[in-house]
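Below is one structure, written out as structure tokens; the observations come after it.
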Amino acid sequence: MTALAPCAVSEATSRGRAHDEDRPAYRNAFQRDRDRIIHSGAFRRLEYKTQVFVNHEGDMFRTRLTHSIEVAQISRTIARALALNEDLVEAIALAHDLGHTPFGHAGQDALNACMREFGGFEHNLQSLRVVDLLEERYASFPGLNLTWETREGILKHCSRANARKLGPLGERFLDGGQPSLEAQVANLADEIAYNNHDVDDGLRAGLLDIETLSAAEFFRNQYEAVRDRWPDLKGRKVIHETVRAMINHQATDLLVTSRTAIDAARPGDVDDVRRHGAALIGFSAPMLEQHRALKRLLHRNLYRHYRVHRMSVKAQRIVKALFEVFFDDARTLPLDVQHRIEGRGGSDSERARLVADYVAGMTDRFAIAEHGRLFAVDALT
Ligand code: MG
């Protein structure tokens, strides 16, 4: 492994874990974090959770699992090129979506609405809750007992109200500080990954076409470059070459721009990065504008497409119905969730939070099946 940049997170300067543990023999602390994430139940469930397309719509679409792997791949490439901690970005990337509800943003909006009186529901905070508390795997501590730096990276966004309850981990959301460069890399790799794979999946689903996408300069430039280079290329290869060029173009822009910003700011260590007034990992101004324009186009034409919207409406109804039936009558919950509620004294907000944990942990297909078991008159088991 090449030497880390001075501003990278290193094991030697890590703020450590909430519960002290011996150092692993053959791995570093961040590799251990990554391994614990991969072995968690929440990680396995990502296979059956979706972002835009519901799992049963087709086997070719991204799931949250394949999305997380793509984010890890892009993050690692960028981290390696900037001499940042590759193991840490990988751990953050693989964990960043663990707190997502079934059915993507539709599910999250519905659960947030259900939780309005009880502190709301934020998927980033839920990812942290999964790794800090909800995974029950180790004898000596709750959750996965990950390093501070992995947890810092997982908490990409947080409301001020919730940040106040988090102690040092929440401080940057109150005082405008920055997370480590590794966290910043994973955050933007997420943006690169989903914008580009939504183009790919949207085209495959027939919800987007080349003409619509060509209104976005970023897509048009790469598409035309592919056409010029291979005039006879046909079918899906044209799309794949275009998406490949888009990812490469964005990752390269991010690398060059970030390297310049780091060289100019010269942070001596990760705490200098955290105190720095602005993020040091970022796109150039023209790329940022092109990226945002493509995002807006996807919002208009894909996320609000009537076929996606129908599924979203249905998904929201399922999540809301599940939450309400469990909250109103806790005896409809599986016994282990009931026992957890009994163990907490049973205030309304405690009960609501545990119901939200249960619903958020569901995969798309489990939520649909659970809804059937509770509401379909012909499904009695
Ligand atoms: Mg993501």
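The values are calculated or read from the model by the stated rules, or taken from the named source; none is laboratory data. Predicted, not measured: the structure shown is a model, and the values here were computed from it. A quick note on method: Cβ atoms are made from the backbone with ideal geometry, for glycine too, and the neighbour counts reach across all protein chains shown.
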PRO231 being of a type outside the set (A, V, I, L, M) and closer than 28 Å to LEU84 by Cα
no
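Every residue, every condition in (1) touching a residue at least 12 places away in the same chain (Cβ under 8 Å); (2) aliphatic (A, V, I, L, M); (3) within 21 Å of ALA110 (Cβ to Cβ); (4) in the same structural domain as ASN112 (by TED's automatic domain parsing), yes or no:
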residue	(1), (2), (3), (4)
VAL325	yes, yes, yes, no
ASP336	no, no, no, no
GLY343	no, no, no, no
GLU350	no, no, yes, no
LEU354	yes, yes, yes, no
GLY361	yes, no, yes, no
PHE366	yes, no, yes, no
ALA369	no, yes, yes, no
In the range 97-107, the residues that are away from the ligand (no atom under 11 Å from the Cβ) and either of a type in the set (Lys, Arg) or at positive phi (or both):
PHE103
What's the number of the condition ASN248 fails, among (1) assigned to a helix (DSSP H, G or I); (2) in contact (Cβ under 8 Å) with a residue 24 or more places away in the chain?
(2)
Do we find a residue being among the aliphatic types (A, V, I, L, M) and surrounded by fewer than 20 Cβ atoms within 10 Å (Cβ to Cβ) anywhere in the range 318-325?
yes
Could you pull out the residue among LEU128, LEU94, LEU133, LEU111 that is surrounded by 22 or more Cβ atoms within 10 Å (Cβ to Cβ) and either assigned to a loop (DSSP other than H, G, I, E, B) or more than 16 Å from the ligand (Cβ to nearest atom) (or both)?
LEU111
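Every residue, every condition in (1) within 16 Å of the ligand (Cβ to nearest atom); (2) within 27 Å of SER127 (Cβ to Cβ), yes or no:
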site: LEU181; (1), (2): no, yes
site: LEU188; (1), (2): yes, yes
site: GLU191; (1), (2): yes, yes
site: ASN195; (1), (2): yes, yes
site: PHE219; (1), (2): no, no
site: GLU224; (1), (2): no, no
site: VAL243; (1), (2): no, yes
site: ARG266; (1), (2): no, no
site: ASP272; (1), (2): no, yes
Restricting attention to the range 136-162, which residues are among the aromatic types (Phe, Trp, Tyr), touching a residue at least 24 places away in the same chain (Cβ under 8 Å) and part of a loop (DSSP other than H, G, I, E, B)?
PHE141
Residue by residue through the range 321-363, note down the ones that are among the charged types (D, E, K, R) and either within 19 Å of LEU134 (Cα to Cα) or outside any helix (DSSP H, G or I) (or both).
ASP329, ASP336, ARG340, GLU342, ARG344, GLU350, ARG351, ARG353, ASP357
Count of residues meeting criterion [surrounded by 21 or more Cβ atoms within 10 Å (Cβ to Cβ) and in a loop (DSSP other than H, G, I, E, B)] in the range 217-231:
0
